[in-house]
Amino acid sequence: MSKVIQGKIFVVDDNIDTDQIIPAEYLTLVPSKLDEYEKLGSYALIGLPDRYGKFVTPGQAKTEYPIIVAGENFGCGSSREHAPIALGASGVKAVVAQSYARIFFRNCAATGELYPWESVERLCDEFQTGQEVTIDFDQNQITNHSLNKVYVLKSLGEVRPVIDAGGIFAYARQTGMISR
Amino acid sequence: MGMTLTEKILAKAAGRSVVEPGENIWVNVDVLMTHDVCGPGTIGVFKREFGADAKVWDSEKIVLIPDHYIFTADERANRNVDILRDFAQEQSIKYFYDITDRANFKANPDYKGVCHIALAQEGHTRPGEVLFGTDSHTCNAGAFGQFATGIGNTDAGFIMGTGKLLIKVPATMRFVLNGEMPDYLLAKDLILQIIGDISVAGATYRTMEFAGEAVQRMTMEERMTLCNMAIEAGGKNGTIAPDETTYEYVRARTDKPFESFYTDSDANFYSDRTYDVSQLEPVVAKPHSPDNRALARECRDVKIDRVYIGSCTGGKTTDFINAARILKGHQVKVPTYIVPATQKVYEDLFTYKHEGQTLSEIFLNSGCIEPAAPSCAACLGGPKDTFGRMNKPEVCVSTTNRNFPGRMGEKTAQIYLASPYTAAASALTGYVTDPREFLG
Ligand code: SF4
């Protein structure tokens, strides 16, 4: 069966760092504790400059935007896994960026929280927050229904099976790299 | 074909004779470091995946360093240190640098402070080894000729249980720093220069290897400043070939044997850049990105509200000696925060003398705020009551490493990253200031 993710997008530009994704004052929340995991989600992207608007409506736990579209170097800065986790906990299923910082990309795969797609073109200048898109996993493409246009994505490659499995532990067990 | 220092360390850790950039390999881990912000989550992952009664792979290879949110009334922050303590006891972790009396850090002889500097000072950074830490500035330890990089909680939880991690071998970008360092330049200027040249994503997925005579003449603390900020260019790790300076530092702190590796003359580099440091000038990174470089003298009209000297990048003993050189005999014009990275650095402020006065006397005589308890403090904002936190939309010159919006607290605050010289000179004028105005 072909896999797709569909929904509204939230658009940001370059160098969105981990302090903007989840500011340091919320890092006392421990992601492996369920209630604190949910709280992290409610603070996702709260450090963004005000011009972007609200990613999560204050008082809500989840975002209405399951897909983030970004420019270069998304997730740069700290190694805090709180960043992909806050996004995942808020309901984000995928980010489509031109490029990623290394640790953020790695943490997406390790946790299995969300899919870090890379776009070929710079979508963040063309797309607007609130538009509807569909990401097709087998075709490696994103369709913007508001613009009625299809764009190519780079293959997820070796990280897709890891995230499909639910992160490195699940993957390591599936493939026999660790027992149990 | 030869190999780089990083490739050789990774080959050894993978039990192989050769590795190539881009390969995914399993490596054996020599040291896993975690702190109060990511430790509890790492422990949570470890228990969830390996079971409540599981034992860590090696209780002498895990180093637990509370350092981020220590001197705060925030209950959850305090609880997180308690989680580390319980775990250290349960698992008989040999290296846990605990703090129980937050009212008086000096009453906690085990407490160190900022993890990256504590790792070095306690002898946990050794040539040829593989160090992972749940903190992006773990690359600091590359200064010792080891492979050191930051990871997330899930990867760290995996290491806790298995002692191994699957990683991709990075290609190496070499930066050869030649020439005589002018006496107004510091390692911080060099790394800000390089990041400005290659951008905050210029080294993504790669190793930054620093070489050349200017690097060879640097102290370990200055070398750490270079490697510390490799992550600000997106680098996976930074490295410097070990030499006598390295061995002297390491042997004074540990008798554990280690093996040194060096880049071959016919190794392959992703890129190779050469700088003549004698031609460079003091620089700053303007808000809101570490690659937004400008000459310090070009920012002379930027009025500032405070100066912050601290963190793993700019809160080491050498950094305070350098600041003191500028401040001695003058008065600061803006509140100036002195935050030693570790308890050892704090002690040095009261014992190390510059021209007959201790560093702390120089700071107090010039009107700085009394040196704070060692920790990360306002480098990353933190809970609202954190010492030195930016709570207003003010302008700060800081010896720290990041100036993204909100990094030091308030998201509209403006941070200029600078060397300890430039930070101290700016404190004396109330504007961003080239230290040559006060040197020589
Ligand atoms: S001093 Fe700053 S950069 Fe260094 S470990 Fe602490 S928070 Fe991170």
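Here are the numbers for the structure shown:
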read-out	value
Which numbered condition B:Ala201 misses (of (1) without any contact (Cβ under 8 Å) to a residue 60 or more places away in the chain; (2) closer than 27 Å to B:Val63 by Cβ)	(2)
Flag if B:Asp183 is charged (D, E, K, R), under 26 Å from B:Ala341 (Cα atoms) and within 8 Å of chain A (Cβ to nearest Cβ)	no
Residue ID - nearest to the ligand (Cβ to nearest atom), chosen from residues in the stretch B:82-119 that are among the β-branched types (Val, Ile, Thr) and outside any helix (DSSP H, G or I)	B:Val114
Selection count, the stretch B:165-197, where residues are farther than 14 Å from B:Ala294 by Cα, of a type in the set (A, V, I, L, M) and either open to solvent by less than 20 Å² (accessible area, probe 1.4 Å) or not in a loop (DSSP other than H, G, I, E, B) (or both)	10
Every residue from the stretch B:365-407 that is assigned to a strand (DSSP E or B) and either away from the ligand (no atom under 13 Å from the Cβ) or open to solvent by 10 Å² or more (accessible area, probe 1.4 Å) (or both)	B:Met390, B:Val395, B:Cys396, B:Val397
Hits in the stretch A:123-158 - residues which are of a type in the set (Gly, Ala, Ser) and under 23 Å from A:Tyr52 (Cβ atoms)	A:Gly130, A:Ser146
Qualifying positions in the stretch B:7-45 - closer than 22 Å to B:Met173 by Cα and within 14 Å of chain A (Cβ to nearest Cβ)	B:Pro21, B:Gly22, B:Glu23, B:Asn24, B:Ile25, B:Val27
Spans of strands (runs of 3 or more DSSP E) in the stretch B:1-81 with at least 3 residues more than 16 Å from the ligand (Cβ to nearest atom)	B:24-28
Single residue of the stretch B:198-235 satisfying the filter (among the polar types (S, T, N, Q) and away from the ligand (no atom under 16 Å from the Cβ)) that is least open to solvent (accessible area, probe 1.4 Å)	B:Thr207
Whichever residue in the stretch B:408-420 is open to solvent by 10 Å² or more (accessible area, probe 1.4 Å) and in contact (Cβ under 8 Å) with a residue 12 or more places away in the chain and, among such residues, is farthest from the other protein chains (Cβ to nearest Cβ)	B:Tyr416
Which numbered condition A:Pro23 fails, given (1) more than 16 Å from the ligand (Cβ to nearest atom); (2) out of contact with any Leu (no Cβ under 7 Å at 6 or more places or on another chain); (3) open to solvent by 10 Å² or more (accessible area, probe 1.4 Å)	(1)
Check on B:Leu359, away from the ligand (no atom under 13 Å from the Cβ), touching a residue at least 12 places away in the same chain (Cβ under 8 Å) and closer than 24 Å to B:Ile70 by Cβ	yes
Complete set of residues in the stretch B:46-72 that are within 12 Å of chain A (Cβ to nearest Cβ), farther than 23 Å from B:Ala141 by Cβ and either loosely packed, with under 14 Cβ neighbours inside 10 Å or at pLDDT 95 or above (or both)	B:Lys47, B:Arg48, B:Glu49, B:Phe50, B:Gly51, B:Ala54
Strands (runs of 3 or more DSSP E) wholly inside the stretch A:56-136 that include at least 3 residues being among the hydrophobic types (A, V, I, L, M, F, W, C) and more than 14 Å from every other protein chain (Cβ to nearest Cβ)	A:67-70, A:94-97
Residues of the stretch B:307-337 satisfying the condition of being open to solvent by less than 20 Å² (accessible area, probe 1.4 Å) and within 14 Å of the ligand (Cβ to nearest atom)	B:Tyr308, B:Ile309, B:Gly310, B:Ser311, B:Cys312, B:Thr313, B:Gly314, B:Gly315, B:Lys316, B:Asp319
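Matching residues to (1) touching a helix residue (DSSP H, G or I) at 6+ places or on another chain (Cβ under 7 Å); (2) modelled with pLDDT of 95 or more; (3) not small (Gly, Ala, Ser):
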residue	(1), (2), (3)
B:Pro340	yes, yes, yes
B:Lys353	no, yes, yes
B:Ser360	yes, yes, no
B:Phe363	yes, yes, yes
B:Ala372	no, yes, no
B:Pro383	yes, no, yes
B:Lys411	no, no, yes
B:Ser419	yes, yes, no
B:Ala424	yes, yes, no
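The values are calculated or read from the model by the stated rules, or taken from the named source; none is laboratory data. This is a predicted model, so every value here is computed, not measured. Here Cβ is always computed from backbone atoms with ideal geometry, including for glycine, and neighbour counts include all displayed protein chains. Heavy atoms of the whole protein, side chains included, go into the accessibility calculation; ligands, DNA and RNA do not. Shrake-Rupley method; radii C 1.70, N 1.55, O 1.52, S 1.80 Å.
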